[in-house]
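The next block holds one structure in the form of structure tokens; read it before the comments.
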């Protein structure tokens, strides 16, 4: 036996005691790092930041930062509360080098500031390290995930036949929805089990219908599934970036006319850039008419279910065959907290798997149920736990008030844009985000100035503002974006951010 | 504006202070829960545990545990350090209801007890909530992940052309390897860009070669990719569950003879059940000869790279086109800490994506590099951070000593099995796991007794032992498994566990 004093573990009866001093170190380093940063993002160029991180990984004690085969690292193991130098140093580094979504001037992405209570719950998960792929790695959290999903299915308006799983986010959830659609709709049309024998050579070309403002993960999923990105038919959107239902109807008819298979309609409930919500009932009608699977990407907009004011926007969601929700967006959870739900558990069939070492039939018969057949992953962290703690602490209503606050903030920001002579609002906010741009004197410079002012604000460490492009072709489509996800921010702070953007536009324009 | 006192966030300058009391609550609840459990897993049936979790989610204050639309939840928001009742109650519940990999009698799966320092580092990530899909959501951790992957590529023996990404685990990494293989090898053979146009109808049938002991995620990946599980050709294994290289050579020749395409060879470096390592150099030779992609699933065995004693077992790994490593197995990280690496960054081409809102070309030109095109996910937690802190704290050598300790423990356990008259060892451990079984008086009852004794130990809350089946057909293939991943355990404790299993076998046999 090698004589080793092994470093402390997080589990067992003594794990919490070992964690105590280390967790204190982390909290001190987080505070220190935030103070050093002193704003929403570290000032400087990306190259400067990269160099700073690289130095920190090799200095001081740098030679032991990443030991390599053959190195003579005479380094004693850390005992409980012992050597926490690297933990302190690297936590401070990363805190100082973060974009902090809790800062009022950080409002670019669907990148929420997590609730402290959810972060604390996530610590429990890290320390206990359950894995959801077999009962005997996760007895309590297997039950907990099932119960949480039941509650979320009810929130969506699904019947008790629903099933689902926690995912890494909307991208994985969208992939799952389209995979089940492929295996079910194309499988039936071609009379084969695709998961077994692969995509049938003689089958009709399968088509997926999604709007021009749908998330790129829809095309990515089509690529991964072997259907190819070109299988996705892009449906035009109206000015608010909402799918045009007449265009969808026409595209479905054209698909059938060409002898192709309308496999899935993907409606977006809350597009990434504007929060636009596709006409869900019309999409459901058209999908049903053509025998297509209906998937709703509600990764962002699903948060509206928490708010009495906004929930009516999602009418028709309960008709979807599958839904993506992300609680790390309008749910204030640390990443990841994705949710995938199907209306009918039996549509999960093609994903079911039996692994002798994880879910043998006689164990399942004895009640040792496994979630293995519900997920694309094997090892899986119980992200349902932080959601359960958050819901138990705040309730749906408590979370709904946060959603409403952010909705109000977006309207305050849009009003500030509308009244500013050099800014142009694209459209009123639907949820908590809106697009706008700075108008330079020379309209031909608009894209360049807007892209440049955003990088200027990043470089100066003053603001993190989003940037995107409107669907279509040609210049003039670059837009800035504010995504309001911080319920602690005030309307005054949002107005200040809008004015900061305008001032950066003026400064940028002068350099051209 | 709705007047709301929003609950505390984890970020900003005050986040750490808000987290302090909540984190203390979690640590107290973890200790309390572990004490209540008093063993490796809670005693009782799965049905009893499910009922206990269900009760806890609806009691006390149960009606507010999961608020539903229309509920009148008069619940005040939690302030910093305020209402932590749900956090305490549910953390205690989950701690008491966990299978604890830090307990000496919990040794079933590749389910490691995390290091306290890695768990503390993971808390920093939860609190800061960076997302790796764009630079402006993760400035420091974008740089950090790139640097950590460079170190891990060097550990594998890859040249500086390597690239990679953190994943949710071996299942996702194996999927990525096979996706790149499909897009590159089948794409070239059929002259089309599969990610764009889908699997070509007239192309030769693509085949994947993996051993009978390869992980089921290989077949699952084939299903997801549209190739179908039947695309996987199963190569027989020897008694140690190592792929037979003559059989592989013959299968590849047969594939070519039938006009099919040898797309990928998947070698396993550390099978889930026995830690068997396929002949990597022979696999690399055969893959090269046939123009097939070589992927090595080293999710478990990759940990051997940390140990001077065991690293030579992985000779040839550096010849793989892609590799899966899991630091949440032999790396003592909390889930997830998967790693996917390719030898040549250019082979990543088919996954590259441009999203106007995440990685516009002019931003990338300005140095705002994004990891988006390296991952199947969009939103993504920086799991590289805990690995960086662990490596900086312990060094490769420090981790290598933990690997060696667990290797020693597996040998101690195997020795105890070998000397016990009622137990049968399948084969000596290669890494840190081994298979064995209890021998009942009536050999026809062997499968039933072994499966039953394992459930008996679970039900009594006394031990968590693995159970699997040897490859092949027919009865007599059920085996028990011990996976030693806890470097704090002593050889005496492992021997005690082996004897506990034997006693449970006797008890189980008596009930039949």
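Residue A:143 passes every criterion in (1) in contact (Cβ under 8 Å) with a residue 60 or more places away in the chain; (2) crowded, with 24+ Cβ neighbours inside 10 Å apart from (1). Anything in region B:158-179 that is more than 9 Å from chain A (Cβ to nearest Cβ) and closer than 16 Å to residue B:295 by Cβ? List them, or say none. Those that are more than 9 Å from chain A (Cβ to nearest Cβ) and closer than 16 Å to residue B:295 by Cβ: B:158, B:162, B:163, B:164, B:165, B:167, B:173, B:174, B:176, B:177, B:178.
All conditions but one from (1) without any contact (Cβ under 8 Å) to a residue 60 or more places away in the chain; (2) more than 10 Å from chain A (Cβ to nearest Cβ); (3) touching a helix residue (DSSP H, G or I) at 6+ places or on another chain (Cβ under 9 Å); (4) more than 22 Å from residue A:335 (Cβ to Cβ) apply to residue B:365; the one that does not is (3). One residue stands out among those in region A:365-395 that are within 19 Å of the chain's Cα centre (by Cα) and in a loop (DSSP other than H, G, I, E, B): the one that is surrounded by the fewest Cβ atoms within 10 Å (Cβ to Cβ), which is A:375. The requirement of being buried (at least 20 other Cβ atoms within 10 Å of the Cβ), out of contact with any helix residue (DSSP H, G or I) (no Cβ under 8 Å at 6 or more places or on another chain) and in a helix (DSSP H, G or I) is fulfilled somewhere in region A:425-446, by at least one residue. Can you tell me which residue among B:288, B:264 is in a helix (DSSP H, G or I), in the same structural domain as residue B:167 (by TED's automatic domain parsing) and over 27 Å from residue B:483 (Cβ atoms)? Residue meeting the stated conditions: B:288. Sort out which residues of region A:136-148 are more than 7 Å from every other protein chain (Cβ to nearest Cβ) and touching a helix residue (DSSP H, G or I) at 6+ places or on another chain (Cβ under 7 Å), and write them in order of number. Listed by number, the residues that qualify are A:142, A:145, A:148.
Within region A:240-261, which residues are under 15 Å from residue A:205 (Cα atoms) and assigned to a strand (DSSP E or B)?
Our first condition is that a residue be under 15 Å from residue A:205 (Cα atoms); within region A:240-261, this holds for A:251-261.
Scanning region A:240-261 gives a single hit, A:261.
Could you say which residue among A:445, A:458, A:484 is at pLDDT 95 or above and more than 13 Å from chain B (Cβ to nearest Cβ)? Even if it seems obvious, please write down each step before you answer.
Numbers: A:458 fails: more than 13 Å from chain B (Cβ to nearest Cβ); A:484 fails: more than 13 Å from chain B (Cβ to nearest Cβ).
Going through A:445, A:458, A:484 in turn, just one is at pLDDT 95 or above and more than 13 Å from chain B (Cβ to nearest Cβ): A:445.
Could you tell me whether any residue of region A:254-265 is buried (at least 23 other Cβ atoms within 10 Å of the Cβ), without any contact (Cβ under 8 Å) to a residue 40 or more places away in the chain and under 25 Å from the mean Cα position of the chain (by Cα)? No, every residue in region A:254-265 fails to be buried (at least 23 other Cβ atoms within 10 Å of the Cβ), without any contact (Cβ under 8 Å) to a residue 40 or more places away in the chain and under 25 Å from the mean Cα position of the chain (by Cα). Going residue by residue through region A:331-349, is there one that turns out to be surrounded by fewer than 22 Cβ atoms within 10 Å (Cβ to Cβ) and within 30 Å of residue B:271 (Cα to Cα)? Within region A:331-349, one or more residues are surrounded by fewer than 22 Cβ atoms within 10 Å (Cβ to Cβ) and within 30 Å of residue B:271 (Cα to Cα).
The residue pairs whose first member lies in region B:111-135 and is more than 7 Å from chain A (Cβ to nearest Cβ), whose second member is part of a strand (DSSP E or B), and whose beta carbons are closer than 8 Å, counting only pairs six or more residues apart or on different chains, are B:132/B:166.
For region A:193-200, the condition holds for no residue, the condition being that it is at the interface with chain B (Cβ under 8 Å from one of its Cβ atoms), crowded, with 23+ Cβ neighbours inside 10 Å and more than 27 Å from residue B:232 (Cβ to Cβ). Looking across A:200, A:159, one residue alone is farther than 20 Å from residue A:265 by Cα and in contact with a helix residue (DSSP H, G or I) (Cβ under 6 Å, 6 or more places away or on another chain). It is A:200. Against the definition (at pLDDT 95 or above and surrounded by 19 or more Cβ atoms within 10 Å (Cβ to Cβ)), how does residue A:21 come out, yes or no? No; evaluated as a whole, the condition is false for this residue.
Of the residues making up region B:291-302, at least one is in contact (Cβ under 8 Å) with a residue 24 or more places away in the chain, closer than 25 Å to residue B:118 by Cβ and part of a helix (DSSP H, G or I). In summary, residue B:151 fulfils each of the numbered conditions (1) more than 7 Å from every other protein chain (Cβ to nearest Cβ); (2) at negative phi; (3) in contact (Cβ under 8 Å) with a residue 24 or more places away in the chain with the single exception of condition (1). For region A:207-217, a residue qualifies if it is under 19 Å from residue A:254 (Cβ atoms) and either surrounded by 23 or more Cβ atoms within 10 Å (Cβ to Cβ) or without any contact (Cβ under 8 Å) to a residue 24 or more places away in the chain (or both), and the qualifying residues are A:207, A:208, A:209, A:210, A:211, A:214.
The values are calculated or read from the model by the stated rules, or taken from the named source; none is laboratory data. All of these numbers come straight from a predicted model, not from anything done at the bench. Using ideal geometry, Cβ is built from the backbone for each residue, glycine included, and neighbour counts are taken over all protein chains shown.
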